[in-house]
1. In the set B:102, B:92, which member is within 11 Å of chain A (Cβ to nearest Cβ), out of contact with any strand residue (DSSP E or B) (no Cβ under 9 Å at 6 or more places or on another chain) and surrounded by 24 or more Cβ atoms within 10 Å (Cβ to Cβ)?
2. So which helices (runs of 4 or more DSSP H) are wholly in the range C:31-95 and hold at least 3 residues that are within 31 Å of the chain's Cα centre (by Cα)?
3. Looking at the range B:63-89, which of its residues are under 17 Å from the mean Cα position of the chain (by Cα) and within 7 Å of chain C (Cβ to nearest Cβ)?
4. For the list (1) within 16 Å of ligand 4 (Cβ to nearest atom); (2) out of contact with any helix residue (DSSP H, G or I) (no Cβ under 6 Å at 6 or more places or on another chain); (3) within 30 Å of residue B:18 (Cα to Cα), I need the number of the one condition that residue C:609 fails.
5. Report every pair of residues separated by at least 6 positions or lying on different chains whose Cβ atoms are under 8 Å apart, first residue within the range B:41-62 and touching a residue at least 12 places away in the same chain (Cβ under 8 Å) and more than 7 Å from every other protein chain (Cβ to nearest Cβ), second in a helix (DSSP H, G or I) and within 12 Å of ligand 2 (Cβ to nearest atom).
6. I need every pair where a residue in the range B:63-91 that is free of Cβ contacts under 8 Å to residues at least 60 places away in the same chain has its Cβ under 6 Å from the Cβ of a residue that is within 16 Å of ligand 3 (Cβ to nearest atom) and part of a helix (DSSP H, G or I), sequence separation at least 6 or different chains.
7. So which residues in the range C:525-546 are more than 9 Å from every other protein chain (Cβ to nearest Cβ), part of a loop (DSSP other than H, G, I, E, B) and more than 13 Å from ligand 1 (Cβ to nearest atom), if there are any at all?
Ligand SMILES: Cc1cc2nc3c(=O)[nH]c(=O)nc-3n(C[C@H](O)[C@H](O)[C@H](O)COP(=O)(O)OP(=O)(O)OC[C@H]3O[C@@H](n4cnc5c(N)ncnc54)[C@H](O)[C@@H]3O)c2cc1C
Ligand code: SF4
Ligand code: SF4
Ligand code: FES
């Protein structure tokens, strides 16, 4: 074997976008790939779990895990990879914060399964069959991983060294992170590998934001023709920028869409949604209870809006499950 | 409605909610002081955290209290127009409804999260509010957020069996 | 971050002190158990209980422990921080530790006095102590801010309280602006003939003080004016005052009143407010002969020139070359800067029409006490003659106490002065008319110096005292203008019906109708009934919760002239103490923005009511002007990226406190 540092990639509950970002990176930064030895990457290379199990503990220099943790298998892999790796990086919003799959925490497993396998309009399942943990088919015992009630972030399952934010992380951030890993120029353990300042700092529209913003109405991007230069909040559209860590160069805003918060909060904030709520609601242009209710009422789905990526990482982590 | 808990064995069975109360320094905290100087009696279930103005109450504090085991959160500030800092309480009001709706979506009932304007002279109303809230939260039962966060999901078989 | 003198935050050395407050706390909280619990908490090096922590030995205990155990954080669980936070911070500082490495726990007002169940109370005290211990570990060393105090003073309300305070301050060399709403100063006292219990002539003792106000080089008197808005903070208030137009130039009018004589109205047509409508005045008037300032006022509602523009303006002719009358005068808005404010806005009397059973407003011979004060006054509507509305002189007079006082339906409070002024009126009426006087009282309250003696004197003079509440006032069968007072005599145990010519209602004292507005303008608090709230009922009776604003006289609660004057002197003295100190120490609870963290989202900028947050467009960052920040913390809670912070109320301090109250013991 070579003396190149060993690197691994793994995916948990995610959409595949983060894998795509890695592939993009591999193409762009060939010398990085040349500098490392990829020992595990289920999406792209044919290694099996027992290959990893066979490795010595701590033998992998760095493992990048994307996706949230919601199955028993993902949890087992998270523990396994943690053991085998010297550095474990939570890669992307789902791994760092729970991400879009984390919105399942608004529901429970039974209804998630029922929707996916029975009631959704595109489903054809006349017998109402649901996935079984154990099935016997033609005399063969088949198994599926168990599904947890609650979607978790990677660091709620195992110890994480660094976080690469974004849905997906931008090539620039990934390249910088890999560079830091290779040169050993890493910040303190637990750091998010992106600037610790909110998005407005790097937003091209910042100067157009009025000094005293007063929000008389919240609008969805689909309800307005958005000016391409003016601050989106000033146009009444909820842009999560003030409550979201920068580093992405305001890519969404550059595409004339509001920031939806995928990079999570700054290190000083414990709950991104609550802080965003505090900032937005405090700017509402009324002191009258009924009027305030009317204005904030336009935010039809507060959790989906304010916690689009960060529900599992939030203080409450999920919708409360009624205990019997 | 009993105003206070009694030490009797029967009462020990009763669920005693824990309520975190964020009170502003100038109105509601003083109302609670006045309740003391006038020796009013009210339910011992609230724990006051003092801030200078209700405007300082970050929604994160409310969530943190619930996350750490509070069964209810009470915010107390000066009446509209009376904030010691002119308008801090209006900011609180602007946040309150959206926060309450968010909490509702997260399964936390409205009665567990209240905003009350209580002036420095309103010791009686303070007593009424606290007693009322304690009774309502008692009726709702413990919040129990901790339990399901890590709980293992129903297995496929059980789901299928439903 | 490690603080060099105290090691890092995890290695703090905390001392916890649980106060018994005699039995006030120890009676219902197991203080020993609380101290024991505190001793088990992380970082706690000593945990003690002591009888009176605020006493000298209590404070010494803290100082000695700081030396002996090298403590660097102190928690005291005792009464409200509003009472003794300063005391204990002082002790901590004396002990050599930063005074803000201190946290106070309120286990008296918030625990022992409100929760009689010892188990529950002790549990709550434990939780609050736990919270303070976890919080104090995060405290940073801070310094109080010093702001200079302007020496100019604003006094609002020119009754005896305002007059006395203004003169005291002016004599001490401070400049005072005295703002009075009415055309003249004097307040209620100016309406009286004599004052209890000494029966001094009110005018003889008041008028010299009123003229002294006008003459004093250090006093600017703005009568017929009202405060519109106040901004700023202790030491540096900016006040806008609205001066209503008198249509007479106060700089040239000499008060000769020739214009009044010359007015085209030969007799007055308008009800005279100063005489409570019992006489009529002209459109151009002076409320009473000794009014200060001696400047006449034109009432545009009744002046012909204002109504039609076609008056002969004989007043202008009479004023001749003084040219004091100016129909074009406009309202003036003046802005002044002062360091301290005294509120002496007084009271109003209870509206007797609210209790119809006493017949006020229905039977002409039913009077309020204030009206009788005017009737007895030589400059009043009858020039001091006791004549009734029907022209008769009363032969029998009934006085009824406690009208609108000590009553579930009107006011629960005792108005404190009515028994005494009723005795005064009984004496004066009897003296002037020789009438038989029947005095109906519920309890005779005469607890002042010389008061009981005065009561005895009036009793000896033959006034009939009847202990009982008058239930009804109705006309005699003869319909001769006389009225029957029906009451149960609780001493004799029978019902008495006494016919009288005149009824005097001893109306109670109420807060001013606009007390709510005034309190709002000056950012102070009102208790039930609208009386302004003092900072502490015993130890700070004239201070308010707003630094730099004091209250004195009847605006704080019903009181007589001697008490009013004493309070006015006290308030003036406290203001002087502050002015002479030259500066005030402010809580260091200001907010600040960490520039490196701020994204420049501007969410905080419009939050600040004091415009303390500025935005530096070049840097793209917000910054707080510490001098303007009052420390509400609103900007801190709204900053979406956690870049605004507040001293003394840092996020981690509050989270630690929340965790502490909720942690299971
Ligand atoms: C019938 C009667 C008889 C009494 N007899 C006696 C007695 O014999 N002996 C005795 O010791 N006490 C007596 N009292 C009590 C006495 O009247 C009070 O103690 C005294 O008047 C209180 O003085 P003060 O300056 O606080 O208030 P006030 O006399 O009420 O003066 C308040 C002043 O403030 C002004 N003001 C109010 N609001 C504003 C505003 N917003 N802006 C500007 N100016 C404002 C008012 O116009 C007034 O001039 C009697 C009371 C009554 C009702
Ligand atoms: S804390 Fe913030 S909002 Fe409050 S006074 Fe200071 S700068 Fe203004
Ligand atoms: S709200 Fe926070 S990030 Fe935004 S400008 Fe103010 S301090 Fe800066
Ligand atoms: S000071 Fe009470 S709400 Fe602002």
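Laboratory data are not the source of any read-out in this text; all were calculated from the coordinates shown. For clarity, every value in this text was computed on a predicted model and none was experimentally measured. Heads up, the Cβs are rebuilt from the backbone with ideal geometry, glycines too, and the neighbour counts pull from every protein chain shown.
1. B:102
2. Here the list reads C:81-94.
3. Within the range B:63-89, B:64, B:65, B:68, B:69, B:70 qualify.
4. For residue C:609, the failing item is (3).
5. Qualifying pairs under 8 Å: B:54/B:88.
6. Pairs that qualify, where the first residue is free of Cβ contacts under 8 Å to residues at least 60 places away in the same chain and the partner is within 16 Å of ligand 3 (Cβ to nearest atom) and part of a helix (DSSP H, G or I), are B:63/A:274; B:91/A:282; B:91/B:55; B:91/C:634.
7. C:534, C:535, C:538, C:539, C:541, C:544
Yes/no per residue for (1) away from every other protein chain (no Cβ under 14 Å); (2) within 30 Å of residue B:45 (Cβ to Cβ); (3) within 16 Å of ligand 1 (Cβ to nearest atom):
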site	(1), (2), (3)
C:127	no, yes, no
C:144	yes, no, no
C:147	yes, no, no
C:157	yes, no, yes
C:162	yes, no, yes
C:176	yes, no, yes
C:182	yes, no, yes
C:198	yes, no, yes
